[in-house]
Amino acid sequence: MEKQFLIDDINLGEAWRLFRIMGEFVDGVEALHDIGPAVSFFGSARVTPDEAIYKKAEHLAGLFAKNQFAIITGGGGGIMEAANKGAAKAKGISVGLNILLPHEQKPNTYATITQQFKYFFIRKLMFVKYAMAYVIFPGGFGTLDELFEAVTLIQTHRIKPFPVILVESDYWSGLIDWIKAHLIEEKRISPDDIDILQVMDDPEMIVKAIQKLVIL
């Protein structure tokens, strides 16, 4: 079904493709406009339930849900599943924004609100539009894409400067060192741009840091 959807999209004329794009945007807005304060979680889809970071993501999402935050994820497995599971177990709003891919991403079963997207850029807009913070767990190219898109939008003042929190300092320390050694030292970014990123490990401290930004 997904492959046929991709073929159908290729066969659409440019003008008709715009209607499909607008339809996805409208569907996303309708699904998410009243979820309240929310946090978007990102991280590897390849993490398994027996790994410590899966359990940590589940625990952190549960803490947010108990403090009346909705949780938004990409709707797949790994960290996404863990966060949706933690939110659902805490009886919070658990949102999964799944993406249609040639190699299908299977939606997890823990999202209480689900939305399926064909276009990455509409899906990414939903992550930004309805989140008041990004929580980034260890991940691959997709995770890095979401991370640096958010940082770029904040750096260029296209969106409000919400927190971008990197969880697991051991994983992210090399990236932070590289940013300092190359991007800052070689004047590719301003020295204070690094402040957009916060590296934190303790789930309770992460929730408290976000709570300071909103009165629920």
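General remarks:
- Residue match in the stretch 100-111 (condition: farther than 20 Å from Ala31 by Cβ, small (Gly, Ala, Ser) and modelled with pLDDT of 95 or more): no
- Conditions (1) within 19 Å of Ile99 (Cβ to Cβ); (2) crowded, with 16+ Cβ neighbours inside 10 Å; (3) touching a strand residue (DSSP E or B) at 6+ places or on another chain (Cβ under 9 Å): number failed by Gly77: (3)
- Extreme residue, surrounded by the fewest Cβ atoms within 10 Å (Cβ to Cβ), among residues of the stretch 139-172 that are aromatic (Phe, Trp, Tyr) and over 16 Å from Ile53 (Cβ atoms): Phe141
- Only one of Ala65, Ala88 that is under 21 Å from Lys208 (Cβ atoms) and either aromatic (Phe, Trp, Tyr) or at pLDDT 95 or above (or both): Ala65
- One residue from Tyr119, Tyr134 being surrounded by fewer than 17 Cβ atoms within 10 Å (Cβ to Cβ), closer than 21 Å to Ile159 by Cβ and not polar (S, T, N, Q): Tyr119
- Search result, residues across the stretch 176-212 that are within 21 Å of His59 (Cβ to Cβ) and either touching an Asp or Glu at 6+ places or on another chain (Cβ under 7 Å) or touching a residue at least 24 places away in the same chain (Cβ under 8 Å) (or both): Gln198, Val199, Met200, Asp201, Pro203, Glu204, Ile206, Val207, Ala209, Ile210, Gln211
The values are calculated or read from the model by the stated rules, or taken from the named source; none is laboratory data. Computed from a predicted model, the values in this text were never measured in an experiment. Backbone-built Cβ (ideal geometry, glycine too); neighbour counts: all protein chains shown.
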